[in-house]
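The values are calculated or read from the model by the stated rules, or taken from the named source; none is laboratory data. Keep in mind the model is a prediction, meaning the values are calculated, not measured. Glycine gets a Cβ as well: all are built from the backbone with ideal geometry, and neighbour counts include every protein chain shown. For accessibility, only protein heavy atoms count, side chains too; no ligands or nucleic acids. Shrake-Rupley method; radii C 1.70, N 1.55, O 1.52, S 1.80 Å.
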Amino acid sequence: MQPLKIGITCYPTYGGSGVVATELGKALSERGHVIHFISYSLPFRLRTFSENIFYHEVDINTYPLFEYPPYSISLASKMAEVMCYEELDLVHVHYAIPHAISAFLAREIQRDRASLTHQCKEAKIVTTLHGTDITLVGNDPSLSGAVRLGINQSDMVTTVSDYLRKKTIEDFSPTCSIHVVKNFVDTTEFSRKADSERFRAAFATKDEHILIHLSNFRPLKRVKDVIRIFEKVHREIPSRLLLVGDGVERAEAEHLARDLKISDCVRFLGKQEAVVELLSIADVMLMPSESESFGLAALEAMSCGVPVVCSNIGGLPELVTHGFNGFLSEVGAIEAMASHVLHILDSRVRWETFSQNARQTALQFDTEQIVPIYEHLYHDVLAS
Ligand code: GMT
């Protein structure tokens, strides 16, 4: 495919949509495309230098009159500038609010500028919906009209699961068609490290199992369910729980672990970069979320051979097959989730089968399988 000039805007902080956007930019740059990230800070997974990747920081005007600095407008101005001067073919925004609206505004700014002086090539807008932009934020009446406008003004819209496509159509009746492009993982980078014994010994003895949870500790992740599930497992078998990430529910989860008298076996690790190392020593991942449009953290765990015990909601059934590479239960079914963990860990042979099945499933979502789908869609949108 002919190399394209692509702008990417995402939330640069810890979170699935930012990870997908950044990994997509990195993968596209390796395939010869020139990528311009436009955001308020450097995306956290963008650690490597590449000659094909550029970063444009949005200047946020903090004039004293602005109690709330107008980030969406500053972003739109920066997008318009990059669209014009870098001659972008398209801008791919991740998360509808405010990014799709800012891209729409950027295109209007660009059109306005073209009518005055500068002849700028018009960039197409591709929007990827990641989940809470539709299910939580997007459904708030104060924002839903803007979300619908952002969707309808995009030249192409994608969702990260069949579930999210259906939900978007039900809730927003968009006038455009919506394509599904699922989350992906670099299965070479996310593979179980063979030499992890020394690292494992820092957290558990040889006869203890390790359960892991990784999230931003928002209420919808139900971190307290994680603690309660672990408490039931721990009663039956020697085990430890590793909690990776941080957020509003951490303090309550810590209190709960103390109340249940299991805090010695629960490690709150905070935000960590050594995710592959941690997943490589884990036996089961817990994801009892009440909403999950895809579940990128589950995919990354499965790629490292970690079976997933999770809720039967959102896009998770598109990744996790009950009794094959993990288990699905109703939201809040703590007893059932604990017994699924115990079932997987009951025999080494069974765990190995689940682990291999998890890895096989993840291979279907490898970067090399999914990124070409985005490239084809870019090709289609540019031809339209
Ligand atoms: O899950 C989060 O809290 C982060 C959130 C985000 O928007 O950054 O993740 C969403 O996008 C991910 C990447 O597409 C999906 O894998 C997650 O399932 C989705 N989270 C939710 O739907 C809650």
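Looking at the stretch 166-273, what % of its DSSP beta bridges pair antiparallel, to the nearest 5?
The answer is about 10 percent antiparallel.
Probe radius 1.4 Å, ligands and nucleic acids left out: which of Phe49, Phe190, Phe44 has the largest accessible area, and how do the rest follow?
Ranked list, largest accessible area first: Phe49, Phe44, Phe190.
For the chain, can you list the cysteines whose C-beta has no other cysteine C-beta under 4.7 Å from it?
Lacking a cysteine Cβ partner under 4.7 Å: Cys10, Cys176, Cys265, Cys304, Cys310.
Ordering Lys206, Lys193 from largest to smallest accessible area (1.4 angstrom probe), what's the sequence?
Values: Lys206 190, Lys193 80 Å².
The ordering from most to least exposed comes out as Lys206, Lys193.
Would you mind checking the tilt of helix 223-236 against the longest principal axis of the Cα atoms of the chain, expressed as 0 to 90 degrees and rounded to 10?
20 degrees
In the chain, with Lys and Arg counted as +1 and Asp and Glu as -1 at Cβ, which of these residues, Ala76, Ala253, Gly7, has the Cα nearest the positive end of the dipole, that is, farthest along it?
Farthest towards the positive pole: Ala253.
Show me, for the stretch 363-376, the HN-Hα J-couplings you get by feeding each phi into the Karplus relation (A = 6.51, B = -1.76, C = 1.60, θ = phi - 60°), rounded to Hz, glycine and proline as x.
4, 6, 10, 5, 3, 5, 7, 9, 4, x, 5, 4, 4, 5
What is the distance in Å between the Cα centres of the stretch 352-384 and the stretch 46-100?
Here the answer is 27 Å between Cα centres.
For the stretch 196-363, what is the charge dipole size about the Cα centre, in debye to the nearest 20, if Lys and Arg each add +1 at the Cβ and Asp and Glu each add -1 at the Cβ?
240 debye
Setting aside same-chain residues fewer than 8 positions from Lys124, which lysines have a Cα under 22 Å from its Cα?
Candidates past the 8-residue exclusion: Lys5, Lys26, Lys78, Lys182.
Using only Cα atoms, find the angle between the long axis of helix 250-259 and the longest principal axis of the chain, and express it within 0 to 90 degrees, rounded to the nearest 10.
For helix 250-259, the angle is close to 10 degrees.
For the Cα atoms of the chain, what angle does the longest principal axis make with the long axis of helix 334-345, in degrees from 0 to 90, nearest 10?
Tilt of helix 334-345: around 70 degrees.
To the nearest 10 Å², what's Glu86's accessible area with a 1.4 Å probe?
Roll a 1.4 Å probe over it and Glu86 shows about 70 Å².
For the chain, what does the accessible surface come to per residue with a 1.4 Å probe? Please give it in Å².
For the chain, the per-residue accessible area is 43 Å².
Out of all DSSP beta bridges in the stretch 196-363, what portion is antiparallel? Express it as a percent rounded to 5.
Given both bridge residues lie in the stretch 196-363, the antiparallel proportion sits at roughly 5 percent.
If you add up the charges near Glu170, with Lys and Arg at +1 and Asp and Glu at -1, over every other residue whose beta carbon is less than 14 angstrom from its beta carbon, what do you get?
+2
Taking a temperature of 4 °C and a viscosity of 1.567 mPa s, what whole-number D in µm²/s does Stokes-Einstein yield for the chain with Rh from Kirkwood over alpha carbon pairs? Could you put the intermediate results ahead of the total?
On the way: Rh = 21.8 Å.
Answer, rounded: 59 µm²/s.
Using a 1.4 angstrom probe on heavy atoms only, work out the carbon and sulfur share of the accessible area of the chain in %.
Using a 1.4 Å probe with all protein chains present, the chain comes out at 51 percent carbon and sulfur.
At 222 nm, what helix-only mean residue ellipticity would the chain give, in deg cm²/dmol to the nearest 500, using -39500 (n - 2.57) for each DSSP H run of four or more?
-13000 deg cm²/dmol
In whole angstrom, how long is each semi-axis of the equivalent ellipsoid of the stretch 196-363, when you take the square root of 5 times every eigenvalue of its Cα gyration tensor and sort them from largest down?
Ellipsoid semi-axes (Å, largest first): 20, 19, 16.
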